[in-house]
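Here is the structure we will look at, set down as structure tokens.
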Amino acid sequence: MKRTLIVGNWKMHLNVHEASLLVHRLNERIPVHRTVEVVLAPSLLALQPISVELDRRKFRLAAQNAYYKDAGAFTGEVSYTMLRELVHYAIIGHSERRMYFDETLEVVRDKVAAAVRNEIIPILCIGETNHERLQGETQRVLHDQLTTALFHLTSEDVETMVIAYEPVWAIGTGQTAKPDEIAKAIGWIKHNLYELYGTQVAETTRILYGAGVEPEFVGSTLSIEGIDGLLVGSASINYQKFADIVDAAYRLGHERPTDG
Ligand code: 13P
């Protein structure tokens, strides 16, 4: 059976002290769960101190970003090689990086390859903007983002990785995607995985939903067929809300069908 995966993307919030405090609170509030895997993605600066404080039975770490070259004269950058052994996962292709830092499909592809080369599991984010949605381009966008990013990977690599469907128009906007819209996108992602790599990969690769996730949406979202977990933004820096999300996922885990 697949464990439900709950990832907290802290984005550019919390200094090292505040990050450490949040970990302390989460640690008090969240028990060890066999059926839920909880991943925290603090700022790059907080990763190292948190890695020392973290209860590894409860939490794993993810990087929010890194550069795709392993080493070299790239002032200001941190590589996936440097993050090796510090993090388990890396969020790649987040819409905020595509939008504000001009990350192209090719840059995302190279970052995914760099993470895999350094034994870090990519959490690849894909999703359509409001404009693309209104133009009826959702499927094309998801297809392009997915196929380019997976270009250098073997089916074994893809089976281990995580894909997060994050409709850009519902991130931090107060708008929510309806369960049937989410289900349609997840079905399309699975269909693409099937076309590219066959049945086993389509069934095994974990797929998350992320955009405006709040504790009260956990039940309805995790019940959508094909969803293996959630990528949480703003609610993940509120320890009550994040712990409530993990609790709800744990309770639901017992009711979800085994699919892996
Ligand atoms: P919100 O949960 O704040 O909408 O952010 C979602 C997100 O971008 C997670 O990566």
- line: Here the FRET efficiency for GLN200 versus GLN240, based on Cβ atoms and R0 = 41 Å and rounded to 0.05, is 0.55
message: What is the sum of charges, Lys and Arg at +1 and Asp and Glu at -1, for the other residues whose Cβ falls under 13 Å from the Cβ of ALA66?
response: +1
- line: Ranking LEU150, PHE101, LEU83 by how far each Cα lies towards the positive end of the charge dipole of the range 60-183 (+1 on Lys and Arg Cβ, -1 on Asp and Glu Cβ), the top one is LEU83
Sequence of TYR250, TYR68 from largest to smallest accessible area, 1.4 Å probe: TYR250, TYR68
- prompt: Counting every Cα pair in the range 34-164, what percent are over 23 Å apart?
  reply: 35 percent
field: Gain on full stretching of the segment that runs from GLU225 to VAL52 - 0.36 nm per residue minus C-alpha separation
entry: 58.6 nm
message: Could you compute how much accessible surface ARG140 exposes when probed at 1.4 Å, giving the result in Å² to the nearest 10?
response: 120 Å²
- request: Treating cross-link reach as a plain straight distance, find the aspartates and glutamates whose alpha-carbon is under 19 Å from the alpha-carbon of LYS111, omitting any fewer than eight places away in the same chain.
  value: ASP70, GLU77, GLU85, GLU96, ASP102, GLU103, GLU119, ASP144, GLU156, ASP157, GLU159, GLU166
- prompt: Taking the chain as a Gaussian network, where each spring joins two C-alpha atoms under 10 Å apart, which residue of LEU230, LEU54, LEU222 fluctuates the most?
  reply: LEU54
task: Assign unit charges at the C-beta atoms only (+1 for Lys and Arg, -1 for Asp and Glu), then state the dipole size of the chain relative to its Cα centre in Debye, rounded to the nearest 20.
output: 500 debye
task: Kindly sort ASP228, ASP157 by accessible area of their heavy atoms, largest first, with the probe set to 1.4 Å.
output: ASP157, ASP228
- request: At 25 °C and 0.890 mPa s, grab the translational diffusion coefficient of the range 166-260 from Stokes-Einstein with a Kirkwood Rh over Cα pairs, rounded to a whole number in µm² per second.
  value: 176 µm²/s
message: Cβ neighbours within 10 Å, averaged per peptide: list 38-50, 16-28, 72-84 in order, most packed at the top.
response: 38-50, 16-28, 72-84
message: Give me the net charge for the shell around LEU153: Cβ to Cβ below 10 angstrom, other residues only, Lys and Arg +1, Asp and Glu -1.
response: -2
Prolate/oblate/rounded call for the chain, Cα gyration tensor, a/c under 1.5 rounded: rounded
The range 207-251 versus the range 119-161: alpha-carbon centroid distance in Å: 21 Å
field: Within the chain, helix-based [θ] at 222 nm, where runs of 4 or more DSSP H residues each add -39,500 (n - 2.57), nearest 500
entry: -13000 deg cm²/dmol
- request: Tell me which residues come under 5 Å, amide H to amide H, from ALA63 once H is placed; ignore anything under 5 positions away on its chain.
  value: TYR89, ALA90, ILE91
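The values are calculated or read from the model by the stated rules, or taken from the named source; none is laboratory data. Given the structure is predicted, the values throughout are model-derived calculations rather than measurements. Backbone-built Cβ (ideal geometry, glycine too); neighbour counts: all protein chains shown. Heavy atoms of the whole protein, side chains included, go into the accessibility calculation; ligands, DNA and RNA do not. Shrake-Rupley method; radii C 1.70, N 1.55, O 1.52, S 1.80 Å.
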